[in-house]
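Engineer: Below is one structure. I have some questions about it.
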Amino acid sequence: MSTIAVKSAQLRSGLVLPYAEAGYPDGLPVVFVHSLADSWWMFEPLLRRLPAAVRGYAPTQRGHGDAERPSDGYRPEDFANDLVEFLDAVGIRRAVLVGASSGGVAARLVAGSHPDRVAGLVLVGAPATLADKPGITALWERVRALEDPVPRAFVEDLLGDLATRPLGRGLLATMAEENLKVPARVWRETMRGLLEADLAATLRGILVPTLVLWGDADSVLPRADQQRILDAIPGSVLVVYEGAGHVLYWEEPERVVQDVVGFAARVLPDGPDGGAPGRTGRPPFPDGGLDGP
């Protein structure tokens, strides 16, 4: 098991974000991007399973967890800008970005706008769009009505609907506490930003190698939603986790780590300062390698 260290990074904007770090100091850099109301703790099951070949980083986004809570700046592009500044603050020139659920929106914005900083993109249960999903519309109505303190019943109900398999009580309790740290206004403004953004546009112009991980029992995102991602990003590849729900990183953490680490080794074969696939001649996906769509 990998040791997790919790540190803090001061961005150029002055914002201070806590982040978790695990793995070998000189390992391939992989940055995990969490979703609405979560924090770096979302990736604790992955971070503690990282092998020595990888150095994992998981920042907590503004307004979330123990991060600072500015009065504004909760649109997807704001989180994406913070992510680029985080790379600068911790000295990462080039990394693999792993965006989970709505965290995939900020991750792919960075992949599209700063391809020199992103060797590869992994989208784990990430939406192509939210506008056509009745469950998200219903959630928005509940989020709009939230007041501080955010009710524990609301958070526990939300977390309880995400998995198809039993999850550890400790993990769920920790994530509930992290969700409860988020003020009602941050819930509202973050979700409003996601709903008002043209999410289809955030998929355009991505030319870096992209791996899509999705559970076929996901109650939030249907297969057709993932197909939109595959159609929009040239060369992207889908790996289906049979029987897994929306939070496959909690349901099958060992397999997610294996897929992410294998992908990172292919797109960053010579480390963060070299080894782009086009430079080495090594394709990001070997023939017959990862499962296709």
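Engineer: So for segment 101-177, what percent of the C-alpha to C-alpha distances run longer than 18 Å?
Structural biologist: Result for the distance tail: 59 percent.
Engineer: Also, I was wondering about something else. So if I take the alpha carbon set of segment 171-214, get Rg, then get Rh from the Kirkwood formula, what is the Rg over Rh ratio?
Structural biologist: 1.14
Engineer: Ignoring everything except DSSP H segments at least 4 long, calculate the 222 nm mean residue ellipticity for the chain; use -39,500 (n - 2.57) per segment, divide by total residues, nearest 500.
Structural biologist: Helices in the chain give a 222 nm mean residue ellipticity of -10500 deg cm²/dmol.
Engineer: Something else about it: Mind checking segment 1-62 for chymotrypsin sites (Phe, Trp or Tyr not before Pro) that DSSP puts in a loop (not H, G, I, E or B) and that have at most 13 other Cβ atoms within 10 Å?
Structural biologist: none
Engineer: From the phi of every residue in segment 21-27, what ³J(HN,Hα) in whole Hz does the Karplus formula 6.51 cos²θ - 1.76 cosθ + 1.60 yield, where θ is phi - 60° and glycine or proline is x?
Structural biologist: After applying 6.51 cos²θ - 1.76 cosθ + 1.60, I find 9, 8, x, 7, x, 9, x Hz.
Engineer: So what is the orientation-averaged projected area of the chain, using the convex hull of its C-alpha atoms, in nm²?
Structural biologist: 13.5
Engineer: What is the Cα centroid distance between segment 55-79 and segment 148-193, reported in whole angstrom?
Structural biologist: Using only Cα atoms to place each centre, the spacing works out to 16 Å.
Engineer: Give the percent of DSSP beta bridges with both residues in segment 9-159 that are antiparallel, rounded to the nearest 5.
Structural biologist: The antiparallel proportion sits near 35 percent.
Engineer: With every protein chain left in place, what is the accessible area of THR3 in Å² (1.4 Å probe, nearest 10)?
Structural biologist: Looks like 110 Å² after rounding.
Engineer: With θ set to phi - 60°, apply the Karplus curve 6.51 cos²θ - 1.76 cosθ + 1.60 along segment 132-142 and write out the HN-Hα couplings as whole Hz, x wherever there is a Gly or Pro.
Structural biologist: 9, 10, x, x, 6, 4, 5, 5, 4, 4, 6
Engineer: Once all Cα-Cα distances of segment 111-150 are split into 10 Å bins that start at 0, what whole-number percent is in each one?
Structural biologist: Histogram of Cα-Cα distances, whole percents per bin: 21, 31, 26, 22, 1.
Engineer: For segment 101-112, in order, what is each residue's ³J(HN,Hα) by Karplus, 6.51 cos²θ - 1.76 cosθ + 1.60 with θ = phi - 60°, in whole Hz (x at glycine and Pro)?
Structural biologist: 6, 5, x, x, 5, 4, 4, 6, 4, 5, 4, x
Engineer: Amide H neighbours of VAL98 under 5 Å, at least 5 residues apart or on other chains, H built in the peptide plane: list them.
Structural biologist: Here VAL31, PHE32, VAL33, VAL122 satisfy the definition.
Engineer: Does anyone have the angle between helix 223-232 and the longest principal axis of the chain? Alpha-carbon axes, 0 to 90°, nearest 10?
Structural biologist: The helix 223-232 is inclined about 50 degrees to the chain.
Engineer: Tell me which residues come under 5 Å, amide H to amide H, from ALA244 once H is placed; ignore anything under 5 positions away on its chain.
Structural biologist: ASP216, ALA217
Engineer: Further question: Given the Cα-Cα distance of ARG255 and ARG144 and 0.36 nm per residue of separation, how much length would full extension add, in nm?
Structural biologist: 36.4 nm
Engineer: Between beta-carbons, use under 14 Å as the cut-off and find the net charge around ALA106, counting Lys and Arg +1, Asp and Glu -1.
Structural biologist: For residues surrounding ALA106, the net value is -1.
Engineer: Right, something else. Enter the accessible area of LEU167 (Å², nearest 10), with the probe set to 1.4 Å and all protein chains included.
Structural biologist: 30
Engineer: Here's something else I'd like to know. Cα centroid distance between segment 101-142 and segment 229-259, in Å?
Structural biologist: Between the Cα centres of segment 101-142 and segment 229-259 lies a distance of 14 Å.
The values are calculated or read from the model by the stated rules, or taken from the named source; none is laboratory data. What you are looking at is a predicted structure, and each value in this text was computed from that prediction instead of being measured. In this analysis, Cβ positions are derived from the backbone assuming ideal geometry, glycine residues included, and neighbour counts consider all displayed protein chains. Protein only, heavy atoms only, side chains kept; ligands, DNA and RNA dropped before computing areas. Shrake-Rupley method; radii C 1.70, N 1.55, O 1.52, S 1.80 Å.
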